[in-house]
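Written below as structure tokens is the structure these notes are about.
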Amino acid sequence: KQEVTQIPAALSVPEGENLVLNCSFTDSAIYNLQWFRQDPGKGLTSLLLIQSSQREQTSGRLNASLDKSSGRSTLYIAASQPGDSATYLCAVRSPGTASKLTFGTGTRLQVTL
Amino acid sequence: GAVVSQHPSWVICKSGTSVKIECRSLDFQATTMFWYRQFPKQSLMLMATSNEGSKATYEQGVEKDKFLINHASLTLSTLTVTSAHPEDSSFYICSASRAQNQPQHFGDGTRLSIL
């Protein structure tokens, strides 16, 4: 059974810092991996999707990497801003599971002024 | 803009009431949609996979008679919480994607409060 873990569980950084969020998964046989952000009381916003054949994806100040063989992904946020404060979730989609996503535990990020 | 719409966003009702939540894919057809439940400060827990034109597939431990799912068209899935009780109070979220190699898009969620 696939298990997804995220560390740290919570992170507080001053504005302007670069930061890295980590995601690990136990079964490397994944179809793709997706990073989301969730604001309090809201749904999920898709940030980046990495297919299993890809190593990284970039969108603006966000860069996500994937090392499938070691079961790891990182989300790099450059020049953090207070508006980046949210919970970040990674999720993996495994083959043969009807497109189901297995979610990580999330990292709560606080960017302070 | 949003590609998955969920309605209502907030429901407060009395114990024993049945509550229906709608999930729509706005600009694509979704043969499969997913329903999740989220408790405060926890991650999402998959409840069931909604399959267009056939029965939903429920995850272990989820009562199918309590959480009725109907996926009657390629753009609409509904979740009905039957005879809801306070322990059913939670945040319910649906998702869909255009294809397996495309991103999953989520609705804004429905906060259900049972008094």
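Among the conditions (1) open to solvent by 10 Å² or more (accessible area, probe 1.4 Å); (2) assigned to a strand (DSSP E or B); (3) within 9 Å of chain B (Cβ to nearest Cβ), residue A:89 misses just one, which is (1). Counting just the residues of the range B:97-115 that are buried (at least 18 other Cβ atoms within 10 Å of the Cβ) and hydrophobic (A, V, I, L, M, F, W, C), which one comes out nearest to the other protein chains (Cβ to nearest Cβ)? Residue satisfying both the conditions and the ranking: B:106. In the range B:59-94, the qualifying residues are those that are within 14 Å of residue A:101 (Cα to Cα) and either touching a Gly at 6+ places or on another chain (Cβ under 7 Å) or more than 12 Å from chain A (Cβ to nearest Cβ) (or both), and the one that is surrounded by the fewest Cβ atoms within 10 Å (Cβ to Cβ) is B:93. Residues that are farther than 21 Å from residue A:90 by Cβ, among the small types (Gly, Ala, Ser) and not in a loop (DSSP other than H, G, I, E, B) within the range B:84-115 comprise B:90, B:113, listed in sequence order. In the set (1) assigned to a loop (DSSP other than H, G, I, E, B); (2) touching a strand residue (DSSP E or B) at 6+ places or on another chain (Cβ under 7 Å); (3) closer than 20 Å to residue A:88 by Cα; (4) open to solvent by 70 Å² or more (accessible area, probe 1.4 Å), residue B:42 fails one condition alone, (2).
The values are calculated or read from the model by the stated rules, or taken from the named source; none is laboratory data. Given the structure is predicted, the values throughout are model-derived calculations rather than measurements. Neighbour counts run over all protein chains shown; Cβ positions are idealised from the backbone, glycine included. Accessible surface areas use protein heavy atoms only, side chains included; no ligands, DNA or RNA. Shrake-Rupley method; radii C 1.70, N 1.55, O 1.52, S 1.80 Å.
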